[in-house]
Every structure is written in C-alpha cells, then in structure tokens.
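**Student:** Take a look at the following structure, please.
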Amino acid sequence: MTRVVDVYPDPDAASNAAADSVAALANGSRARRTLVISGGRTPERLFAILARRSADDPALRELEVFFADERAVPPTDARSNYGRARQLWFDPAGLATGRVHRIEGERPVEEAADRYDGALSRLFGGPPSADRPGFDLALLGVGDDGHTASIFPGMPLAERSTRWAVATAAGTLPPAVARVTLTRAALSTAREAIFLVTGPEKRSIVGRLLGPTPPDEPPLPASSITARDRVRWILDAAAAGAQDGRAPGG
Ligand code: 6PG
C-alpha cells in the first residue's frame, strides 16, 4: 500500500480533486462501482460539485453509495449524514434511491448496525477480509481528535475485524448522539481511501496523523486505516500547514 499527500490551494480545489477521483471510479469498467462517503461539514462542498457534474457525467448517477457512519437520528434530522448527502447530492443529481445504501439512523443503533453489517456481508460474501472483494473507494474525513467515520480514539469495538458495522456511543465531539460506524477492517477493504481534510482548524491533527506516532501512544483511528492499493490525503493549504505534499496534479 502506498500513501500520497496532495496539497491544493483552497477547499474548492481540494474538493474538485476528490470529485475527479469519484468521477474516475464512476467511469471505470467495473460492473459495480462502490463508494463510501462520510458525514460532517467537509464533504458538503464535494457533494454539491458531484451534483453539478452529474448533468454532464451521467456515470456519476450509477455509483453504489454506502456510508462510513451515521448518527442515531432520522433522515429528516439536520444531523443525519444521509439526509445531508441526499439534499446536496442525491436529489439534485437524480441518483436512483436503490443505489444509495443508507444506515438506518432512526432504528436503535444496535439493530441498525446489525442490519448494515448483514447487508454488507451478503453483498461481499462474508465478513471483511483481504480474500474477498470490498469497497472501491472510501472518502473519509478527520475530526480534531483524530477520529474517522465514528471510530473515536479508545473505542475498541470499532476494531472488531469480523464486522462491517458496529454501534458506538456518542464521541467526545458534537453532535453527542450514538452512532453506527463501519469498522476499521471494513474501511480497509477499500482499494483506495481518500482523506479529504480542509481548514486551519485541522492543521494540528493533520500534523499528528501524518507524522511519526510517538512510541508509547496507540495510533489514532484515522492513521490506522489502510487500503488495498493506496491511501491518499487531499488537503488544502490551510490544513496542510508545513506538511510536505505533491503539487496538484503531481
Ligand atoms: C461524522 C463523520 C466524521 C467526520 C469528521 C470530520 O458523521 O461526523 O463521518 O468522521 O468525517 O468528524 O467532520 P467535519 O468535516 O465536520 O470536520
């Protein structure tokens, strides 16, 4: 597995670079093209770009979309990751409902996690494993504490490698609601994982995640995600700070 860091001048350029990767997947030759998306504020710009591009790039409407995590709220709640993606991307783009595989945040989290886990096991033929197919592309974000999806530091449950999805308690960062998250093993089945991280408030955590892990500290969740082929960090200059990265397009 390789790791690359690409630094773009601003959030728009970074989000367009992530959209280019999604479009490349959508226009690829695989019969099923699977994309995992995250919640939070950062991907909102990307969702709007994908919605706009769908008019000229109909392949973008054929992706199978999955969620890295969901908050325990119904789709109509402003905190719903599915609700937000639907509003900004799926509905304006005309993505068929059958292609969007949401986590049912309106159910009790254990039940929603079991149902998502079961659906993914059926789709991929068993628990997450290097011997089985997995996701094509996982688009991930990073919280100030180094969490990704809803895998928060010190949450051993999300380490369960036999599961695709688990229920987790509310993390330390808002919104303080229980969640369902894909596990580290599930996310690491992706051929490529992209961390899209923008803004000066992320500079310090990006420095920690991309720097060496101090010997007595466990790795932070975001730095423990692997991928079959490549982990790519797409940063804007504000989040990158002094971080070395390839120039755009490099
Ligand atoms: C969620 C996410 C989460 C997110 C980070 C970054 O549902 O909260 O999937 O992992 O990616 O918290 O969030 P921001 O983009 O809002 O900083």
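The values are calculated or read from the model by the stated rules, or taken from the named source; none is laboratory data. Remember, predicted model here, so these are calculated numbers, not experimental data. Reconstructed Cβ throughout: ideal geometry from the backbone, glycine too, with neighbour counts over all protein chains shown.
**Student:** What number goes with the only condition from (1) of a type in the set (Val, Ile, Thr); (2) surrounded by fewer than 17 Cβ atoms within 10 Å (Cβ to Cβ); (3) within 30 Å of Tyr8 (Cβ to Cβ) that Thr162 does not pass?
**Tutor:** (3)
**Student:** Give the residue, chosen from Gly126, Gly146, Gly134, that is on the phi > 0 side of the Ramachandran plot and either more than 15 Å from the ligand (Cβ to nearest atom) or not in a loop (DSSP other than H, G, I, E, B) (or both). It would help to see each step written out before you state the result.
**Tutor:** Values: Gly146 fails: either more than 15 Å from the ligand (Cβ to nearest atom) or not in a loop (DSSP other than H, G, I, E, B) (or both); Gly134 fails: on the phi > 0 side of the Ramachandran plot.
One residue alone meets the criteria, Gly126.
**Student:** Of all residues being at pLDDT 95 or above and either more than 16 Å from the ligand (Cβ to nearest atom) or part of a helix (DSSP H, G or I) (or both) in the range 29-46, which is surrounded by the fewest Cβ atoms within 10 Å (Cβ to Cβ)? Just the residue, please.
**Tutor:** Residue satisfying both the conditions and the ranking: Glu44.
**Student:** Is there any pair linking a residue in the range 48-64 that is over 14 Å from Arg30 (Cα atoms) to one that is of a type in the set (Phe, Trp, Tyr) and assigned to a helix (DSSP H, G or I), with Cβ under 6 Å and at least six apart or on different chains, and which?
**Tutor:** Leu50/Trp89; Ala51/Trp89
**Student:** Name the single residue that is farthest from Val36 (Cα to Cα) among those in the range 169-186 being away from the ligand (no atom under 11 Å from the Cβ) and modelled with pLDDT of 90 or more.
**Tutor:** So, considering only residues that are away from the ligand (no atom under 11 Å from the Cβ) and modelled with pLDDT of 90 or more, the one farthest from Val36 (Cα to Cα) is Ala178.
**Student:** Evaluate the range 5-23: report whether one residue or more is farther than 18 Å from Asp91 by Cβ, among the β-branched types (Val, Ile, Thr) and out of contact with any helix residue (DSSP H, G or I) (no Cβ under 8 Å at 6 or more places or on another chain). Break it down into steps so the answer makes sense when it comes.
**Tutor:** Going residue by residue through the range 5-23, those that are farther than 18 Å from Asp91 by Cβ are 5-18, 20-21, 23.
Adding the requirement that they be among the β-branched types (Val, Ile, Thr) leaves 5, 7.
The next check asks that each one be out of contact with any helix residue (DSSP H, G or I) (no Cβ under 8 Å at 6 or more places or on another chain); those that pass are none.
Checked against the condition, which is being farther than 18 Å from Asp91 by Cβ, among the β-branched types (Val, Ile, Thr) and out of contact with any helix residue (DSSP H, G or I) (no Cβ under 8 Å at 6 or more places or on another chain), the range 5-23 yields no hits at all.
**Student:** Could you please let me know if Glu104 is farther than 19 Å from Ala138 by Cα and either within 15 Å of the ligand (Cβ to nearest atom) or touching a helix residue (DSSP H, G or I) at 6+ places or on another chain (Cβ under 6 Å) (or both)?
**Tutor:** Working: farther than 19 Å from Ala138 by Cα: yes; either within 15 Å of the ligand (Cβ to nearest atom) or touching a helix residue (DSSP H, G or I) at 6+ places or on another chain (Cβ under 6 Å) (or both): yes.
Criteria met by Glu104.
**Student:** Shifting gears a bit: For the range 10-28, enumerate the residues that are acidic (Asp, Glu) and either buried (at least 16 other Cβ atoms within 10 Å of the Cβ) or under 16 Å from the mean Cα position of the chain (by Cα) (or both). Break it down into steps so the answer makes sense when it comes.
**Tutor:** Keep residues of the range 10-28 that are acidic (Asp, Glu), which gives 10, 12, 20.
Residue satisfying the conditions is Asp20 alone.
**Student:** May I ask you to list the residues in the range 65-90 that are more than 21 Å from Thr148 (Cβ to Cβ) and either in contact (Cβ under 8 Å) with a residue 24 or more places away in the chain or crowded, with 22+ Cβ neighbours inside 10 Å (or both)?
**Tutor:** Correct list: Pro74, Pro75, Asp77, Phe90.
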